[in-house]
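The values are calculated or read from the model by the stated rules, or taken from the named source; none is laboratory data. Given the structure is predicted, the values throughout are model-derived calculations rather than measurements. Every residue, glycine as well, gets a Cβ built from its backbone with ideal geometry; the counts of neighbours run over all protein chains shown.
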Ligand code: SF4
């Protein structure tokens, strides 16, 4: 019987010949990512009475979530991280100007096929976009890895999702995932490793792969995975990472999956996740016309360069509807620079958008709060009650194209009207 | 070593997310007592009051879905909760419970049968829950997780067992 991606990746990271689903293994991750939670790890390490890192080169810290600091307490926490990074010589330290950890570390070439990566963030699943196994952990666990280099992990069973393409016009990787989450529900892949297969994924852009693996989290997944191919290798090569820097892992053709699901992208229509659950998904025609107060284009799910270009295509030469606030938060500093250089940034400005510094921004409740009864259409990955200000406000999730079309009309709008 | 956990249940439905358990705005704290004041705040003061006088959180499927915030487990500890019993757990929340020393028990039938406010008793070693006049079995923890729970969480476990060994080897 063949092996899945997760079985192979965890066996390698545990230094074992093989592991079986259900088995608990001591795994040595290749990279430990911590964001705003870094200060909690530092405090926990102090409590532990330890001052020595297992391997400083595996430590990556990015000051996202609340950037820049908005209170003396946060400023103090961030100072603690800066000083820690300096003292221990953490080279992969990125300050408040860098952007969202997941996107920054991917752009920097630290995410490579075959790696096992843990992060203090549930969307660490995103690293599957480059054929790595990324999974979210709590800050105590991350601290444990800092100090001991290892962590217990249960070997997951796997779910195979086959997506056939090309996608129908006006739809994107976001619609693929919302459709899937609506069908499988928010715990449709709990504990599972989700592998994306099918013609749609072959040669797919790394940006779209990131959206797939990011949103796999909203199925409850342990990790997501898209098989590395030439697109992956080219992306990495552009970032100075050559094939001798990594060792790809591919699932066997006869690997055992607990479940397989097929999705026909050619028949897809834009999808919307309605309040207050990511699996409360409806095709757009059932929600179109809903009045919004705010549109947010941001987050690690959908504020990458390609996402902004997609939104700008619709916004170009148009204005944000009167009374609607359009917030755009590019995912990283590099993306700001690229959009400035190619004119995308100017399209947003001219349309009347508010552009923030790169980072989690409104997705982490860092700005962009709503008053009672207000409605936001967001490109992020979560619409839980109270995530953006008032507990009595509503968040709808959609693709960057839906967000742009909605910003122009002031009501939830099918982007195909603008094609 | 562990004695039975006894107490009153507070019951929730499916897909209780961590933004509801502890809203993101309070994550500036890691103090369980401080966090407890805001546990389940989005559901209102009535629910909070019942939480603080309960000992077991009972929930449906996928409890603790959403953000990886460890405070979703520690705010319950600060609230006086001794165990979480659910039909199923989101994986990060399950890990966070174990690693902060809060027993997380997957037991579909018990989670179904226990009523809101009902009394229950849990025998971790024996894998037995008694509630609503019935008994329910669950698979006891494997030894590796049991050690972490017995130590009161991953960090105390490391401090007690793992780091002293590392120091010896160095
Ligand atoms: S952008 Fe949102 S989902 Fe992504 S890491 Fe930041 S807060 Fe989490």
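Could you say whether any residue in the range B:26-35 is surrounded by fewer than 24 Cβ atoms within 10 Å (Cβ to Cβ), assigned to a strand (DSSP E or B) and in contact (Cβ under 8 Å) with a residue 40 or more places away in the chain?
Within the range B:26-35 (the criterion being surrounded by fewer than 24 Cβ atoms within 10 Å (Cβ to Cβ), assigned to a strand (DSSP E or B) and in contact (Cβ under 8 Å) with a residue 40 or more places away in the chain), the answer is no, since none of the residues qualifies.
Looking at (1) within 15 Å of the ligand (Cβ to nearest atom); (2) closer than 30 Å to residue B:106 by Cβ, which is the one condition that is false for residue A:111?
Answer for residue A:111: the failing condition is (2).
Within the range A:170-239, considering only helices (runs of 4 or more DSSP H) that don't extend past its boundaries, which have at least 1 residues that are within 16 Å of the chain's Cα centre (by Cα)?
Of the helices (runs of 4 or more DSSP H) lying wholly inside the range A:170-239, those with at least 1 residues that are within 16 Å of the chain's Cα centre (by Cα) span A:173-184, A:206-216.
I need a count of the residues in the range B:141-155 that are within 14 Å of chain A (Cβ to nearest Cβ) and either touching a helix residue (DSSP H, G or I) at 6+ places or on another chain (Cβ under 9 Å) or within 17 Å of residue B:11 (Cα to Cα) (or both).
10
Can we say residue B:4 is more than 8 Å from every other protein chain (Cβ to nearest Cβ) and at pLDDT below 95?
Spelling it out, residue B:4 is indeed more than 8 Å from every other protein chain (Cβ to nearest Cβ) and at pLDDT below 95.
Strands (runs of 3 or more DSSP E) wholly in the range B:90-138 with at least 1 residues that are within 14 Å of chain A (Cβ to nearest Cβ) - which ones?
B:104-106
In the range A:159-183, which residues are surrounded by 22 or more Cβ atoms within 10 Å (Cβ to Cβ) and either modelled with pLDDT under 95 or within 14 Å of chain B (Cβ to nearest Cβ) (or both)?
Across the range A:159-183, the qualifying residues are A:159, A:181.
Tell me yes or no: at least one residue of the range B:73-81 is assigned to a loop (DSSP other than H, G, I, E, B), in contact with a strand residue (DSSP E or B) (Cβ under 9 Å, 6 or more places away or on another chain) and closer than 23 Å to residue B:112 by Cβ.
Within the range B:73-81, one or more residues are assigned to a loop (DSSP other than H, G, I, E, B), in contact with a strand residue (DSSP E or B) (Cβ under 9 Å, 6 or more places away or on another chain) and closer than 23 Å to residue B:112 by Cβ.
Anything in the range A:68-106 that is within 13 Å of another protein chain (Cβ to nearest Cβ) and within 15 Å of the ligand (Cβ to nearest atom)? List them, or say none.
A:70, A:74, A:101, A:102 - these are the residues of the range A:68-106 that are within 13 Å of another protein chain (Cβ to nearest Cβ) and within 15 Å of the ligand (Cβ to nearest atom).
Inspect the range A:257-267 for any residue being within 16 Å of the ligand (Cβ to nearest atom) and either touching a helix residue (DSSP H, G or I) at 6+ places or on another chain (Cβ under 9 Å) or under 22 Å from residue B:18 (Cβ atoms) (or both) and give the result as yes or no.
no
Only one of B:110, B:86 is touching a helix residue (DSSP H, G or I) at 6+ places or on another chain (Cβ under 7 Å) and closer than 30 Å to residue A:181 by Cα; which?
Just a single option satisfies the conditions, and that option is B:86.
Within the bounds of the range A:136-146, is there any residue that is more than 16 Å from the ligand (Cβ to nearest atom), touching a residue at least 60 places away in the same chain (Cβ under 8 Å), in contact with a strand residue (DSSP E or B) (Cβ under 9 Å, 6 or more places away or on another chain) and more than 8 Å from chain B (Cβ to nearest Cβ)?
yes
Rundown of residues vs (1) in contact with a helix residue (DSSP H, G or I) (Cβ under 6 Å, 6 or more places away or on another chain); (2) surrounded by 18 or more Cβ atoms within 10 Å (Cβ to Cβ); (3) within 14 Å of chain B (Cβ to nearest Cβ), yes/no style:
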{"residue": "A:318", "(1), (2), (3)": "yes, no, no"}
{"residue": "A:329", "(1), (2), (3)": "yes, yes, no"}
{"residue": "A:332", "(1), (2), (3)": "yes, yes, no"}
{"residue": "A:341", "(1), (2), (3)": "no, no, no"}
{"residue": "A:352", "(1), (2), (3)": "no, no, no"}
{"residue": "A:369", "(1), (2), (3)": "no, no, yes"}
{"residue": "A:379", "(1), (2), (3)": "yes, yes, no"}
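When you go through (1) crowded, with 24+ Cβ neighbours inside 10 Å; (2) facing chain B (nearest Cβ under 9 Å); (3) under 21 Å from residue A:329 (Cα atoms) one by one for residue A:119, which number turns out not to apply?
(3)
Restricting to the range A:42-67, and then to whatever is within 10 Å of another protein chain (Cβ to nearest Cβ), more than 16 Å from the ligand (Cβ to nearest atom) and in contact (Cβ under 8 Å) with a residue 40 or more places away in the chain, can you tell me which residue is surrounded by the most Cβ atoms within 10 Å (Cβ to Cβ)?
Ranking the qualifying residues of the range A:42-67, first place goes to A:44.
Just need a number here: residues in the range A:376-390 that are more than 18 Å from residue A:291 (Cα to Cα), within 12 Å of the ligand (Cβ to nearest atom) and more than 15 Å from the chain's Cα centre (by Cα).
Counting residues in the range A:376-390 that are more than 18 Å from residue A:291 (Cα to Cα), within 12 Å of the ligand (Cβ to nearest atom) and more than 15 Å from the chain's Cα centre (by Cα) gives 2.
Residues being away from the ligand (no atom under 16 Å from the Cβ), in contact (Cβ under 8 Å) with a residue 60 or more places away in the chain and either within 14 Å of chain B (Cβ to nearest Cβ) or outside any loop (DSSP other than H, G, I, E, B) (or both): count how many of those fall in the range A:277-293.
Residues that pass the stated criteria total 7.
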